[in-house]
Amino acid sequence: MRIATSAIMFASLVVSAPVFAETHEVKMLNRNETGPMVYEPDFLEIAPGDTVKFLGTTSGHNAATVEGMAPEGYEGFLGKINEEIEVTLDRQGFYGVKCSPHYGMGMVMIIRVGDADLPASFPASDVPERAKKRFDEILERNGYGK
Ligand SMILES: [Cu+2]
């Protein structure tokens with residue numbers, strides 16, 4: 001009887017897996033070995049319910065969703081300059097993230113949540129040239145090249 005009770009308790013722990021949701025940290029940097037104006041890492045694969053925290057490792061940056069590059073119905077996020085925001089992402093899909101002042105310089109990153117396929121409209125057609133180039137490069141490097 002005691003064994004049966006433990007088995008049930010163990011099963012309920014497994015079902016409540018979101019308790020183990022993780023927080024992933026992303027540095028916002030003026031430069032790293034790959035070039036200027038970068039998120040590090042610039043690609044994350046996380047589970048639904050995980051949190052991403054953007055660290056103001058060097059000043060002058062923020063993190064915001066790119067319009068048209070988030071799952072349908074997701075309202076997006078917009079951090080202020082130097083603000084260390086934490087965003088919890090529940091919806092499966094691909095999220096494009098940009099630094100507002102350095103978007104034109106290609107300061108972007110991608111977050112894949114859950115077991116999502118790359119949307120055909122990714123990256124969006126209206127992103128600045130250098131941002132598009134970096135989005136393409138990130139996708140290519142992580143096995144999502146077209
Ligand atoms: Cu920036």
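Laboratory data are not the source of any read-out in this text; all were calculated from the coordinates shown. Keep in mind that what you see is a predicted model, and the values were worked out from it rather than measured. Virtual Cβ from ideal backbone geometry, glycine too; neighbours counted across all protein chains shown.
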* Looking at region 64-129, which trypsin sites (Lys or Arg not before Pro) are DSSP coil and have at most 12 other C-beta atoms within 10 Å of their C-beta? -> K80
* Cα-Cα P(r), region 44-93, percent of pairs per 10 Å interval -> 25, 52, 23, 1
* Asked: What's the angle, to the nearest 10 degrees (0 to 90), between helix 129-141's Cα axis and the longest principal axis of the chain?
  -> 40 degrees
* Computed [θ] at 222 nm, helices only, for the chain once each DSSP H run of length n ≥ 4 contributes -39500 (n - 2.57) -> -6000 deg cm²/dmol
* Asked: With contacts defined as alpha carbon pairs under 8 Å and 6 or more residues apart, what's the relative contact order of the chain in percent?
  -> 21 percent
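Structure shown: which of K27/K98; K27/K132; K27/K53 lie over 19 Å apart, alpha-carbon to alpha-carbon?
Working: K27/K98 13 Å; K27/K132 21 Å; K27/K53 9 Å.
Pairs exceeding the cut-off: K27/K132.
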* **Calculated from backbone phi, Karplus (6.51, -1.76, 1.60) coupling profile of region 82-97 in Hz, x at Gly/Pro** => 6, 7, 8, 7, 10, 10, 9, 10, 9, 7, 5, x, 9, 10, x, 10
* **Relative contact order %, region 63-146, counting alpha carbon pairs below 8 Å whose residues are six or more apart** => 27 percent
* From the residues I81, P123, A63, which one has its Cα farthest along the dipole of region 22-141 in the positive direction, the dipole being from +1 and -1 charges on Cβ of Lys/Arg and Asp/Glu about the Cα centre? -> I81
* Low-density loop positions, GluC sites (Glu not before Pro), region 38-72 - DSSP coil, at most 14 other Cβ in 10 Å -> E67, E72
* For region 22-141, what Kirkwood radius comes out of the mean inverse Cα-Cα distance, in Å? -> 14.0 Å
* Structure fact -> Computed over the chain: longest principal axis from alpha-carbon atoms vs helix 2-15 long axis, angle to nearest 10 degrees, is 20 degrees
* Asked: Ordered by residue, what ³J(HN,Hα) values in Hz, to whole numbers, does region 32-48 give under the Karplus form 6.51 cos²θ - 1.76 cosθ + 1.60, where θ = phi - 60° and Gly and Pro are x?
  -> 9, 5, 8, x, x, 6, 9, 8, 9, x, 9, 9, 10, 10, 10, 8, x
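Where the only charges are on Cβ atoms (+1 Lys, Arg; -1 Asp, Glu), what is the dipole of region 22-141 about its Cα centre, to the nearest 20 debye?
460 debye
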